[in-house]
1. List the number of the failed condition for A:Ala186; all other conditions in (1) touching a residue at least 24 places away in the same chain (Cβ under 8 Å); (2) open to solvent by 40 Å² or more (accessible area, probe 1.4 Å); (3) not in a helix (DSSP H, G or I) hold.
2. Please verify whether the range B:261-272 includes one or more residues that are at pLDDT 95 or above and either away from chain A (no Cβ under 14 Å) or assigned to a strand (DSSP E or B) (or both).
3. What tally of residues in the range B:274-327 results from selecting those that are within 16 Å of the ligand (Cβ to nearest atom), of a type outside the set (S, T, N, Q) and in a loop (DSSP other than H, G, I, E, B)?
4. Scan the range A:201-226 for residues that are open to solvent by 60 Å² or more (accessible area, probe 1.4 Å) and either of a type outside the set (Val, Ile, Thr) or within 13 Å of A:Leu65 (Cα to Cα) (or both) and report the count.
5. Looking at A:Leu179, A:Leu145, A:Leu138, A:Leu121 in this structure, which one is exposed (fewer than 15 other Cβ atoms within 10 Å of the Cβ), farther than 24 Å from A:Pro76 by Cα and near the ligand (Cβ under 10 Å from one of its atoms)?
6. With the condition kept exactly as written, say whether any residue in the range A:30-43 is in contact (Cβ under 8 Å) with a residue 40 or more places away in the chain, surrounded by fewer than 18 Cβ atoms within 10 Å (Cβ to Cβ) and either more than 26 Å from A:Arg194 (Cβ to Cβ) or within 12 Å of the ligand (Cβ to nearest atom) (or both).
7. Can you name the residue in the range A:148-161 that is open to solvent by 60 Å² or more (accessible area, probe 1.4 Å) and part of a helix (DSSP H, G or I) and is also nearest to the other protein chains (Cβ to nearest Cβ) among such residues?
8. So which residues in the range B:153-200 are in contact with a Gly (Cβ under 9 Å, 6 or more places away or on another chain) and either charged (D, E, K, R) or within 14 Å of chain A (Cβ to nearest Cβ) (or both)?
Amino acid sequence: MNLPSRADNSIIQPRRLTNRRKLLSIGIHAIGLLPLLQLTVLWVRDSLTANPIQFIEQFFGRAALNLLMAVLAVSPLVTLSGWNALIPHRRTLGLYSFFYFVLHFLTFAVLDYGLNWGEILRLSAEKPFIIFGSLAGLILLVLALTSFEYWMKRLKQNWRRLHKAVYLAGALAVLHYALALKGSLATLSGDISRPLAMGALLTLLLILRLPAVRRRIIFLRHQIKK
Amino acid sequence: MKPDPIPSSEITPKDLYLSRREFLKTLGLLAGGAVLAACAPKLAETQSAATAAPRPATASPRPAVTPFSRATADELGDPLNSYKDITNYNNYYEFTTDKQGVAVLARDFPTSPWDVQVHGLVHRPRTFSVDELIRKFQPEERVYRLRCVEAWSMVIPWLGFPLRKLLKEVEPAGSARYVRFEAVYQPEKMPGQKVPFYPWPYQEGLRLDEAMHDLTILATGLYGGELPPQNGGGIRLVVPWKYGFKSIKAIIKIELTAEQPATLWSTVAPDEYGFYANVNPRVDHPRWSQRTERRIGEFGRRDTLMFNGYAEQVAQLYNGMDLRLYY
Ligand code: HEM
């Protein structure tokens, strides 16, 4: 399903679904569904470890984070490549990220803590990493709910401003990740290589989005073309 | 070939198994046909440890598929975790942070021969081979709960002997107050040790009275068999009332000291991991709630017990200490 291109600077194109665009769309859905497939394969192979609930909880968390990074990578990719057709798929990727976050949260609340709300609320208030995760999750929820055309039309300029919060969600989610692992950002030691790599990627994507950097890249790209 | 069930009369008694182990070693026959013999259940003569559960007088004969224990539960009546879970779900960052990946990466890690150097403030410093320790101190089966700081737990039938026996052997000096343990450092065999964010080698420590406590053991086996590399072979510490990370694996050095030794995790994150690390549902970790835990193999969470259920035996070690301060 390809909705009319919205917001941002994408070039308005004819709405007809060409084969190429269909393929791209399938590819995007494949990226979004890959984690589910991967989990199914692991399950069939009896590879969910001796502690499957924790494994699944972490797996969905990583899937949500990876897809969030994919969302944030779209705009810099377009800047670098000029492949505007990617822009409308940002929303799809974002909704997949939200989907895995919901599964992550449900695993946490239902399977891990058996809907013991007293304990869940206590944890959410006490543990910094859960606070960061919840804030990231809240942003994803608001963005998912307002990702439809109806809201885009209603919020106009504010919609774009609101959806810039996806960067904040990314930063909070990376922080949540770093604090969820057995390491310390204070001493820069422990199990922090993957969160650090995620943080570096996020920073890079942010830099590529800075207007000055973006203009420069687009200019250079046009130079090369000539 | 599927081994037939072995009649109970043929189950190898402990001393026999030990001498056969020596015998095979000297003959260098651990390959080929000898493997068959070595695969027979290695049954420990189960001297009843304070914590071991009462067990049936006659063990039912079983095929020699995996080593097995005659115990079926801990003293609280909770069943042992399976050999498969115990040997395939390991927190062992020297190999990898992937708990399932440890067994795979550790498969060829050599655990025998294995030497332990005991030194520091002692009158008779010495290096022991694990084989000698096994002969000397006659490992017994100890069924202990292991509570990981990540809020999961298992019930594990270790084979081991009280650390106290080894310490007596080297005669600690009057000035010794602590025991420091150091694990093996072999980055070419332990890929996790190439990750730069840890002060390898792993090190841990106990106060001398904790080290002398009868529950504190050096384990050389598991489920009546040898101690697999992924569980800390050649030799590891097991301190059942403390979080799992205190029970250091693959020990090569034991040093008696006057000062409290540094430990790996309290160096990495001092506000998260203390020196004592006693299991305590009332002192929370910034990341995990320590009020509850998931027993591997169970669906719901269960309440975490003070000192992991060993309060009666160990609480007096901490009389007058504020356990919130000394976490
Ligand atoms: C209400 C919001 C959230 C809650 C309550 C929550 C809860 C948790 C918990 C309890 C863990 C630790 C699991 C364990 O190790 O046992 C965790 C890990 C994690 N979470 Fe969340 N989370 C939330 C939101 C998010 C969001 C929005 C993302 C990403 C977009 C995310 C990504 C992750 C990741 C990547 C991990 C680490 C997985 C690993 O250990 O490899 N979480 N979360």
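1. (1)
2. Checking the range B:261-272: at least one residue is at pLDDT 95 or above and either away from chain A (no Cβ under 14 Å) or assigned to a strand (DSSP E or B) (or both).
3. Total satisfying the criteria: 11.
4. Of the residues in the range A:201-226, the ones open to solvent by 60 Å² or more (accessible area, probe 1.4 Å) are A:201, A:203-204, A:206-207, A:210-212, A:215-216, A:219-220, A:222-226.
Filter once more, keeping what is either of a type outside the set (Val, Ile, Thr) or within 13 Å of A:Leu65 (Cα to Cα) (or both): A:201, A:204, A:206, A:210-212, A:215-216, A:219-220, A:222-223, A:225-226.
Residues flagged as open to solvent by 60 Å² or more (accessible area, probe 1.4 Å) and either of a type outside the set (Val, Ile, Thr) or within 13 Å of A:Leu65 (Cα to Cα) (or both) within the range A:201-226 amount to 14.
5. Values: A:Leu179 fails: exposed (fewer than 15 other Cβ atoms within 10 Å of the Cβ); A:Leu145 fails: near the ligand (Cβ under 10 Å from one of its atoms); A:Leu121 fails: near the ligand (Cβ under 10 Å from one of its atoms).
After applying the criteria, what remains is A:Leu138.
6. Checked against the condition, which is being in contact (Cβ under 8 Å) with a residue 40 or more places away in the chain, surrounded by fewer than 18 Cβ atoms within 10 Å (Cβ to Cβ) and either more than 26 Å from A:Arg194 (Cβ to Cβ) or within 12 Å of the ligand (Cβ to nearest atom) (or both), the range A:30-43 yields no hits at all.
7. This residue is A:Arg161.
8. Result: B:Ser153, B:Met154, B:Arg180, B:Phe197, B:Tyr198, B:Trp200.
The values are calculated or read from the model by the stated rules, or taken from the named source; none is laboratory data. Just so we're clear, the structure is a prediction, and the values are computed from it rather than from any experiment. Positions of Cβ are backbone-derived with ideal geometry, glycine not excepted, and every protein chain shown enters the neighbour counts. Calculation scope for accessible area: heavy atoms of the full protein, side chains included, ligands and nucleic acids excluded. Shrake-Rupley method; radii C 1.70, N 1.55, O 1.52, S 1.80 Å.
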